[in-house]
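The values are calculated or read from the model by the stated rules, or taken from the named source; none is laboratory data. Keep in mind the model is a prediction, meaning the values are calculated, not measured. Cβ placement follows ideal geometry from the backbone for every residue including glycine, while neighbour counts extend to all protein chains displayed. The accessibility values were calculated without ligands, DNA or RNA, using every heavy atom of the protein model including side chains. Shrake-Rupley method; radii C 1.70, N 1.55, O 1.52, S 1.80 Å.
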Amino acid sequence: MRTLRHTASALLAAVFCLLGLAGGGQARADEYPSRPIRMIIPWSVGGSTDMLGRLLAEGMGKRLGAAIVVENKPGATGTIGYAQVARSPGDGYTLLLGTNSTFAIAPHFYHDLPYDLQRDFRPIGMIGANQQVLCVQPQAPYKTVADLVKAAKAKPGVINYASSGVGGSSHLATELLMSTTGINMMHVPYRGGAPAVQALLGGQTEVGFVDISVAEPLIHSGKLRALGTSGASRAPLLPDVPTLAESGVPGFESLTTFGLFVPAGTSDAIVRKLNAVLNESLADDKLSRQLAAQGYELTPGAAQAYTAYAAEETRKWGTLIAQRHISLP
């Protein structure tokens, strides 16, 4: 009997201990954040992703009542920044601004990554997307997508196109275009989007997909001609430019999408809080106008929806990369 009473007492003590720990954990979640948060941006200072992250950090920080400090960790198509976040504690104090060019595309090129998206991260939610614009010089003979496709079929491998590098969004958008239409063009990769655009402007290359925020002023100033945009619907920033799907390439869609992640192990309570603050920030009139002016189409939503989207993007681009036998040089 004494042994049973002793055992029962020990069990009760263990239960109260667990309840105390649970209560303490809930208190910590309720008090979050109690110190500055860092946002890892896996791209260089000054780019469109960096601008997006800094605006978002300011808006979310005000609503959370804590500073969100941006840290740029560029390199290896964003995978260096991802690896750092994967090693961070799951306490809500490290955020990752992710893009589909890294979470959906890079794993098909880098097979020894020190992290796994499903295992090492939790999504907070999707931010939005940027379209790309298929562009040529104003004096080019191609007035429409159909003109380009017809010329490329007549001269396989002769027309050249610029990209920001092997595996980049502009490269894979063109690979998707070639795969869908059955054409073949010569790839001229550059070290980033800026030199690729300069090559297009200078006539070293004939065609290329350009981020809409970069393309829009060049199109309106007459320095580039837009053949089509890469979304499923027309871009609000260029409403008079048809989509590629409208231009005879059915089903074509290639977007650069953005979302927030935290390390695995972050509590449900913190994820819910961050998702709510993210969506509130995206609904802010001032911030939404700033982002719309840069071509961002905002798509706030639940964290679970982003999980499904990321899986579908990974499958889509993995299939294309395998079919086209694309690999890093």
Can you name every residue in the range 299-313 that is assigned to a helix (DSSP H, G or I) and open to solvent by 40 Å² or more (accessible area, probe 1.4 Å)? Gln304, Ala305, Thr307, Ala308, Tyr309, Ala311, Glu312
Would you call Leu328 open to solvent by less than 70 Å² (accessible area, probe 1.4 Å), of a type in the set (A, V, I, L, M, F, W, C) and more than 14 Å from Gly128 (Cα to Cα)? yes
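This table checks each residue for (1) out of contact with any Phe, Trp or Tyr (no Cβ under 8 Å at 6 or more places or on another chain); (2) surrounded by fewer than 22 Cβ atoms within 10 Å (Cβ to Cβ); (3) within 24 Å of Lys273 (Cα to Cα).
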site: Phe103; (1), (2), (3): no, no, yes
site: Asp112; (1), (2), (3): yes, yes, no
site: Gly128; (1), (2), (3): no, yes, yes
site: Leu134; (1), (2), (3): no, no, no
site: Ala140; (1), (2), (3): yes, yes, no
site: Lys143; (1), (2), (3): yes, yes, no
site: Leu148; (1), (2), (3): no, no, no
Counting residues that are within 24 Å of Ala173 (Cα to Cα) and in contact (Cβ under 8 Å) with a residue 12 or more places away in the chain, which helices (runs of 4 or more DSSP H) fully inside the range 26-130 reach at least 2? 48-64, 79-86
Taking only pairs six or more apart or across chains, which ones have beta-carbon atoms under 6 Å, a first residue in the range 311-329 that is without any contact (Cβ under 8 Å) to a residue 12 or more places away in the chain and within 18 Å of Thr180 (Cα to Cα), and a second residue that is open to solvent by less than 50 Å² (accessible area, probe 1.4 Å) and assigned to a helix (DSSP H, G or I)? none
Counting only residues that are of a type outside the set (Ser, Thr, Tyr) and closer than 20 Å to Gly168 by Cα, which one in the range 250-259 is most open to solvent (accessible area, probe 1.4 Å)? Glu253
Would you please name the residue that is nearest to the chain's Cα centre (by Cα), looking only at residues in the range 72-89 that are modelled with pLDDT of 95 or more and surrounded by fewer than 14 Cβ atoms within 10 Å (Cβ to Cβ)? Arg87
Of all residues in the range 238-248 being in contact with a strand residue (DSSP E or B) (Cβ under 8 Å, 6 or more places away or on another chain) and part of a loop (DSSP other than H, G, I, E, B), the one that is nearest to Glu297 (Cα to Cα): Leu238
